[in-house]
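Here's the structure we're looking at; comments come further down.
The values are calculated or read from the model by the stated rules, or taken from the named source; none is laboratory data. Given the structure is predicted, the values throughout are model-derived calculations rather than measurements. All Cβ positions, glycine included, derive from the backbone under ideal geometry; neighbour counts span all protein chains shown.
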């Protein structure tokens, strides 16, 4: 059975290679992806670059994005942000939402291009309009911080919530966005303060090991925000965050235990 699987994989690669060598752009891109990810063949970034480049030169937007990512990450080539930006731009101009988002990040960070919040905002917006959840998060950050646009917490929250909506049975949580949503509900940013909603969103992140969310839950229990004050629960959640190396949680845990120790009856 194992030999049959190996044979089937090799047969698939050879068919792709034959089509790619005959100029089939889709096959070139797919063969590049096989080598890039090591799906049905030994991973080989240089071979991936070769096939991506062929497809990208034929104006295949997805291959142009993949090629840009290779240059940005330094896979099979030295890191070259300017070259990454060049290929992302080619794909973005064809409407590829992932490339638009990636190019937006380069503009936001000033990597390979002149830093521009305005251009970053425009690119994130184009990608978000195509329902790209990562771009929705990045656009939300722009509104949250007032980068390239007037600060607007309500719009930021709307975009953050949109970024974590279920798509095809999958919920994305870019950079702990669910924790940020919890913060906004707790602090009443862009919405009325709602400690119950804050707890709900913190829990989603805390269950994945997000120490900021665990710290947030501890604060809610310690201060009795929307729940009955419960320092035992606060200690439990601070301990979870401290166990993952969160220095602030470690300090707060020490302070809280001191307080609890003093409050014990003599």
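Conditions first: (1) over 24 Å from residue 135 (Cα atoms); (2) modelled with pLDDT under 95; (3) part of a helix (DSSP H, G or I). Residue 227 passes all but one, so which condition is the exception?
Here residue 227 meets the rest and fails (3).
Within the stretch 55-82, restricting attention to residues that are crowded, with 20+ Cβ neighbours inside 10 Å and over 23 Å from the mean Cα position of the chain (by Cα), which residue is farthest from residue 96 (Cα to Cα)?
55
List, please: which pairs have Cβ atoms under 7 Å, are six or more places apart or on different chains, and start with a residue in the stretch 73-98 that is under 18 Å from residue 116 (Cα atoms) and end with one that is part of a loop (DSSP other than H, G, I, E, B)?
Final answer for the pair search is 81/111; 81/112; 82/112; 84/112; 85/112; 85/113.
Which residues, counting only those in the stretch 160-195, are over 20 Å from residue 219 (Cβ atoms) and outside any helix (DSSP H, G or I)?
Correct list: 164, 165, 166, 167, 168, 169, 170, 171, 172, 173.
Could you please find all residues in the stretch 244-266 being surrounded by 13 or more Cβ atoms within 10 Å (Cβ to Cβ) and either part of a helix (DSSP H, G or I) or over 33 Å from the mean Cα position of the chain (by Cα) (or both)? Please lay out each step first, then the result.
Within the stretch 244-266, the first condition is being surrounded by 13 or more Cβ atoms within 10 Å (Cβ to Cβ), and the residues that meet it are 246, 248-250, 252-253, 256-257, 260.
The answer is 248, 249, 250, 252, 253, 256, 257, 260.
Count, please, the residues in the stretch 91-120 that happen to be over 18 Å from the mean Cα position of the chain (by Cα) and surrounded by 21 or more Cβ atoms within 10 Å (Cβ to Cβ).
Going through the stretch 91-120 one residue at a time, the tally reaches 2.
Restricting attention to the stretch 104-121, which residues are without any contact (Cβ under 8 Å) to a residue 24 or more places away in the chain and closer than 17 Å to residue 83 by Cβ?
107, 109, 110, 114, listed by residue number.
For the stretch 123-139, which residues satisfy the criterion of being more than 17 Å from residue 168 (Cβ to Cβ) and in contact (Cβ under 8 Å) with a residue 24 or more places away in the chain?
123, 124, 126, 127, 128, 137, 138
Would you mention how many residues in the stretch 181-200 are surrounded by 17 or more Cβ atoms within 10 Å (Cβ to Cβ) and either more than 14 Å from residue 161 (Cα to Cα) or at pLDDT below 95 (or both)?
3
Only residues that are surrounded by 15 or more Cβ atoms within 10 Å (Cβ to Cβ) and either out of contact with any helix residue (DSSP H, G or I) (no Cβ under 6 Å at 6 or more places or on another chain) or at positive phi (or both): list them for the stretch 33-48, please.
33, 34, 45 - these are the residues of the stretch 33-48 that are surrounded by 15 or more Cβ atoms within 10 Å (Cβ to Cβ) and either out of contact with any helix residue (DSSP H, G or I) (no Cβ under 6 Å at 6 or more places or on another chain) or at positive phi (or both).
Which one of these is assigned to a helix (DSSP H, G or I), over 16 Å from residue 90 (Cβ atoms) and modelled with pLDDT of 95 or more: 31, 16?
31
Looking for something over 26 Å from residue 137 (Cβ atoms), in contact with a helix residue (DSSP H, G or I) (Cβ under 7 Å, 6 or more places away or on another chain) and touching a residue at least 24 places away in the same chain (Cβ under 8 Å) - is there at least one such residue anywhere in the stretch 206-217?
Checked the stretch 206-217: no residue is over 26 Å from residue 137 (Cβ atoms), in contact with a helix residue (DSSP H, G or I) (Cβ under 7 Å, 6 or more places away or on another chain) and touching a residue at least 24 places away in the same chain (Cβ under 8 Å).
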